[in-house]
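Novice: Next up is a structure, given as structure tokens.
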Amino acid sequence: MRQPDLVLTLLILAWPVWEHRVGLPRLQAALAQGRPDALTRSYRRTILLQWSLALLALLIWTLPGRPLADLGLRLPQGWRAGLTLALLGLLGAVLFRQERAVRRDPAAREKVRPQLAAVAWFLPRTRPELAGFTRLGLTAGVCEELLCRGWLFAVLAPWLPVGVTLLLTSLFFGLGHWYQGPAGVAKTGITGLVMGALYLATGSVLVPMVVHAAFDVGSGRVAFLVLGEPPV
């Protein structure tokens, strides 16, 4: 592994530690102080960190002349393109129906509320927070998939079997969401397995990027409808 690749890989692996030891306590302190902009400021910091790592990854990868396709930055080809369109269409339909149900039905909102309890403190309740969370969701979809799937798969592939790489990157992805508690780590670890499987099945990291971003943005909108200002 080239030295710049190793340095960036270590930075990526240190990212959850930084969030747990620095980012999370900072946010919790701001929330305890009642700062109205605590969440939006935290969202902005995370967005800046993730884009910085992602752009650094692209720079380090391309400077020696390596193709972006080796990071999975390519469109699905052949039957994989059809599979991708089918999956994205299904996801869009599911997210649309979920948001419509929550928007229209108070009973549906009450049904969802307990599912959000563990991470409610991190979810948007005001329109500025929703806007910030939407930007965060789009950022996470692009940057986390580029780093956790595209980059880590590319640098670990010469050293480990693909199945081991899939398991390790999924574990790392789960631990990166430790702020959600042990159940959240397990849930996001499984999500990491799904995202990794999508990457391997389609040959394109663009697919898990779109799925991840759509899911995060949709989850933020549902949380806003359940926890925040009355739906319109």
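The values are calculated or read from the model by the stated rules, or taken from the named source; none is laboratory data. Just so you know, these numbers come straight off a predicted model, no measurement behind them. Cβ placement follows ideal geometry from the backbone for every residue including glycine, while neighbour counts extend to all protein chains displayed. Calculation scope for accessible area: heavy atoms of the full protein, side chains included, ligands and nucleic acids excluded. Shrake-Rupley method; radii C 1.70, N 1.55, O 1.52, S 1.80 Å.
Novice: Can you give me the distance in nm between label points at Arg2 and Ala69, each placed 7 Å from the Cα along the Cα-to-Cβ direction?
Specialist: 1.9 nm
Novice: Compute the long axis of helix 181-202 from its Cα atoms, compare it with the longest principal axis of the Cα atoms of the chain, and write down the angle in degrees, 0 to 90, nearest 10.
Specialist: Roughly 50 degrees, rounded to the nearest 10.
Novice: Given a 1.4 angstrom probe, what's the average accessible area per residue across the chain, in square angstrom?
Specialist: 52 Å²
Novice: Let me ask something else. Can you run phi through the Karplus equation (6.51, -1.76, 1.60; θ = phi - 60°) for region 130-142 and list ³J(HN,Hα) in whole Hz, with x for Gly and Pro?
Specialist: Here the 3J(HN,Hα) series is 5, 4, x, 5, 4, 5, 5, x, 5, 4, 4, x, 6 Hz.
Novice: Can you send over the carbon and sulfur percentage of the accessible area for the chain, probe radius 1.4 Å, protein chains only?
Specialist: Carbon and sulfur together cover 70 percent of it.
Novice: Using a 10 Å cut-off on Cβ atoms, rank the peptides 53-59, 104-110, 23-29 from the highest mean neighbour count down.
Specialist: 53-59, 23-29, 104-110
Novice: How much net charge surrounds His212 when only the other residues with a Cβ under 10 Å from the Cβ of His212 are counted, with Lys and Arg +1 and Asp and Glu -1?
Specialist: Here the count lands on -2.
Novice: While we're here: For the pair Val194/Leu48, report the inter-label distance in nm, with labels modelled 7 Å from Cα in the Cβ direction.
Specialist: Simple spin-label model gives 3.2 nm for this pair.
Novice: Put a dot 7 Å past each Cα toward the Cβ at Leu10 and Ala201; how far apart are the dots in nm?
Specialist: 3.7 nm
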